[in-house]
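Enquirer: This is the structure I have questions about; it appears just below.
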Amino acid sequence: TASKTSEDHDYDFVVVSNRLPVDRVTAPDGTPGWTRSPGGLVTALEPVMREKDGAWVGWAGQPDVALDPFDNEGIRIVPVPLTVEEIANYYEGFSNDTLWPLYHDVIAAPSYHREWWESYVAVNQRFADATAAISAQGATVWVQDYQLQLVPKMLREQRPDLTIGFFNHIPFPPYGIYSQLPWRAQIIEGLLGADVIGFQRVADASNFSRAVRRLTTNVTRNPVIEVVTEGQATRRVIAKAFPISIDASSYEELARQPHIQARAQEIREGLGNPKTIMLGVDRLDYTKGIGHRLKAFGELLTEGRVSVEDVTLVQVASPSRERVKAYMDLRDEIELTVGRINGDFATMSHTAISYHHHGYPRDEMVALYLAADVMLVTALRDGMNLVAKEYCAARFDNDGVLIISEFAGASDELKRALRINPHDIDGLKESILQAIQMPKQERATRMRSLRKRVLEYDVSRWSSTFLTTLAQSRAAQDDYADS
Ligand code: G6P
């Protein structure tokens, strides 16, 4: 590819994701710079990449920037350019207005457009070509997420020597929903190019296996799929759950720093020292159930079961996919609701909802976690939800109550959280009251158990479990092919 330079060759470990860990930004005066990319994928993979001497292939987040590979804080970055049209068709279109809503239980209606699909195929091919060009003989390539589901097959066609892993960071939907997709068989074939296909939850892996059974003639014996291709030896693909996590101890370390604890205190004071601070932290996305959370809190205020003097909700909603219509509509809806609730209930000294449409640096997030008595994760559907894990990791004081939706992957592991169905507004309200009133002793018992899980099953354990399975599957494959 055009960006290939002399020192840029032969990587033994390559991660491929739509976004690079850093986003290129242009200051108002035109000077280019870099910021951290949004979302859970980058949060999870960044620490993994720092440990390895590998390359990260991805898009820099701006149109038409052709950049040479470079090093960023110990990570080799290999940018793949996207045109304005590809951003509209492959990224905003097929990835975020077809696959994203389809894979999240059609909370918003997916749009199906053939031009978007064509762009998805072309861009996946570009990522596969860029990866093939920099991967050493026999290298391990780890492809990430729904934007790149065709890459495993495309890569295998060019480079059968590679060991290819794929991890899906978002849910994989039940067949009754998945089957809407006009290109459902091509996506399954694309994924089956991998040696190991990882999912967040056991349910996602079984949804995938079912789709394989319905759409192909391959045999599935969980977690193995025997892929039969005419004229070739049968290949074994493993499809199973590997729940992702965070660099938990780094959150705890931050939380233990005196200046961050001082900042948490300052945040509480700034909010007028309410008895209870509740916190929501999400990308502004319709899957997160932000409206359901606001509705529950609004009703509690209306009914006089909580007051703004006692309880404040801090909602951090970081900007996301702002050119996609469903996201514009969501923003209007959420901001209208926040405005109404504050208009009805705020006093001169106390606000009901402290709403922030920005992302914050990690230090500030950890201070917020420490300041928050109750953490609200009310997703309608979420692959994992790393915010829930970050909250637990930060609470070295064994305090704070986590409320978590059963529709977030993290609820499979975080058993001592208060589990809710966000569609059940009355149930959500009861859980909020229970959290506010929970005795200190019970908060401590629950948080201790949550923290144990999060600190033990951290992101390095996730990546090593996945990569060990991948290495073993390749070794077994070679034996299998020989026999
Ligand atoms: C989720 C997805 C990621 C994505 C992130 C941010 O975490 O799983 O693949 O990068 O959201 O979304 P964006 O569209 O801004 O990359």
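The values are calculated or read from the model by the stated rules, or taken from the named source; none is laboratory data. The structure presented is a predicted model; accordingly, all values stated were derived computationally and were not measured. Ideal geometry is used to build each Cβ from the backbone, glycine not excepted, and the neighbour counts take in all protein chains shown. Accessible surface is based on the protein model in full, side chains and every heavy atom, while ligands, DNA and RNA are left aside. Shrake-Rupley method; radii C 1.70, N 1.55, O 1.52, S 1.80 Å.
Enquirer: Run down L380, L386, L433, L402 and say which single residue is more than 25 Å from R305 (Cβ to Cβ) and touching a residue at least 12 places away in the same chain (Cβ under 8 Å).
Expert: Result of the check over L380, L386, L433, L402: L386.
Enquirer: Sort out which residues of the stretch 89-107 are within 16 Å of the ligand (Cβ to nearest atom), surrounded by fewer than 21 Cβ atoms within 10 Å (Cβ to Cβ) and either without any contact (Cβ under 8 Å) to a residue 24 or more places away in the chain or part of a loop (DSSP other than H, G, I, E, B) (or both), and write them in order of number.
Expert: Of everything in the stretch 89-107, those that are within 16 Å of the ligand (Cβ to nearest atom), surrounded by fewer than 21 Cβ atoms within 10 Å (Cβ to Cβ) and either without any contact (Cβ under 8 Å) to a residue 24 or more places away in the chain or part of a loop (DSSP other than H, G, I, E, B) (or both) turn out to be D105, I107.
Enquirer: In addition: Restricting attention to the stretch 16-44, report how many residues are in contact with a strand residue (DSSP E or B) (Cβ under 6 Å, 6 or more places away or on another chain) and within 14 Å of G74 (Cα to Cα).
Expert: 2
Enquirer: Right, another one. Restricting attention to the stretch 24-38, does a residue exist that is within 16 Å of the ligand (Cβ to nearest atom) and at pLDDT below 85? First the steps, then the outcome.
Expert: Of the stretch 24-38, the ones within 16 Å of the ligand (Cβ to nearest atom) are 24-25, 34-38.
Filter once more, keeping what is at pLDDT below 85: 38.
Within the stretch 24-38 (the criterion being within 16 Å of the ligand (Cβ to nearest atom) and at pLDDT below 85), the answer is yes, since at least one residue qualifies.
Enquirer: Moving on. Is there any pair linking a residue in the stretch 450-462 that is touching a residue at least 24 places away in the same chain (Cβ under 8 Å) to one that is among the charged types (D, E, K, R), with Cβ under 6 Å and at least six apart or on different chains, and which?
Expert: L450/R416; R453/E413; V454/K389; V459/D247
Enquirer: To continue, here is another question. Given the conditions (1) open to solvent by less than 30 Å² (accessible area, probe 1.4 Å); (2) within 24 Å of Q149 (Cβ to Cβ); (3) away from the ligand (no atom under 16 Å from the Cβ), and given that T83 satisfies all but one, which numbered condition is not satisfied?
Expert: Here T83 meets the rest and fails (1).
Enquirer: Now a separate question. Restricted to the stretch 39-55, and to residues that are away from the ligand (no atom under 13 Å from the Cβ) and under 23 Å from K389 (Cβ atoms), which residue is surrounded by the fewest Cβ atoms within 10 Å (Cβ to Cβ)?
Expert: By that ranking, first place goes to E51.
Enquirer: Please count how many residues of the stretch 276-308 are without any contact (Cβ under 8 Å) to a residue 60 or more places away in the chain and of a type outside the set (G, A, S).
Expert: 6
Enquirer: Any residue in the stretch 299-317 that is touching a His at 6+ places or on another chain (Cβ under 8 Å), open to solvent by 30 Å² or more (accessible area, probe 1.4 Å) and within 24 Å of D97 (Cβ to Cβ)?
Expert: no
Enquirer: Across the stretch 274-290, what is the number of residues that are more than 16 Å from the ligand (Cβ to nearest atom) and open to solvent by less than 20 Å² (accessible area, probe 1.4 Å)?
Expert: Residues that pass the stated criteria total 6.
Enquirer: While we're on this one: With respect to V14, is the statement that it is assigned to a loop (DSSP other than H, G, I, E, B) and more than 16 Å from the ligand (Cβ to nearest atom) true? Quick ask: steps written out before the conclusion?
Expert: Numbers: assigned to a loop (DSSP other than H, G, I, E, B): no; more than 16 Å from the ligand (Cβ to nearest atom): yes.
For V14, the condition - assigned to a loop (DSSP other than H, G, I, E, B) and more than 16 Å from the ligand (Cβ to nearest atom) - is not met.
Enquirer: So, one more: List pairs: first residue in the stretch 139-153 and away from the ligand (no atom under 12 Å from the Cβ) and modelled with pLDDT of 95 or more, second residue basic (K, R) and in a helix (DSSP H, G or I) anywhere in the structure, Cβ distance under 9 angstrom, at least six positions apart or on different chains.
Expert: T140/R474
Enquirer: Under 18 Å from V459 (Cβ atoms), of a type in the set (A, V, I, L, M) and open to solvent by 10 Å² or more (accessible area, probe 1.4 Å), is that true of L271?
Expert: no
Enquirer: With the checklist (1) within 15 Å of the ligand (Cβ to nearest atom); (2) surrounded by fewer than 22 Cβ atoms within 10 Å (Cβ to Cβ) in hand, flag the one item G58 doesn't pass.
Expert: Just one mismatch for G58, condition (2).
Enquirer: Residues being open to solvent by 10 Å² or more (accessible area, probe 1.4 Å) and either out of contact with any Asp or Glu (no Cβ under 6 Å at 6 or more places or on another chain) or more than 16 Å from the ligand (Cβ to nearest atom) (or both): count how many of those fall in the stretch 372-394. Write out each step before concluding.
Expert: Within the stretch 372-394, the subset open to solvent by 10 Å² or more (accessible area, probe 1.4 Å) is 373, 380-382, 385-387, 390.
Filter again for either out of contact with any Asp or Glu (no Cβ under 6 Å at 6 or more places or on another chain) or more than 16 Å from the ligand (Cβ to nearest atom) (or both), leaving 373, 380, 382, 385-387, 390.
Qualifying residue count for the region: 7.
Enquirer: Moving on. Every residue in the stretch 320-342 that is open to solvent by 50 Å² or more (accessible area, probe 1.4 Å) and not charged (D, E, K, R), please.
Expert: Passing the criteria: M328, L336.
Enquirer: Among the residues of the stretch 400-419, count how many are part of a strand (DSSP E or B) and under 21 Å from A367 (Cα atoms).
Expert: Adding up the residues that qualify gives 4.
Enquirer: Residues being open to solvent by 10 Å² or more (accessible area, probe 1.4 Å) and under 21 Å from I134 (Cα atoms): count how many of those fall in the stretch 8-38.
Expert: First, the residues of the stretch 8-38 that are open to solvent by 10 Å² or more (accessible area, probe 1.4 Å): 9-13, 19, 22-36, 38.
Now restrict to residues that are under 21 Å from I134 (Cα atoms): 9-13, 19, 22.
So the count comes out to 7.
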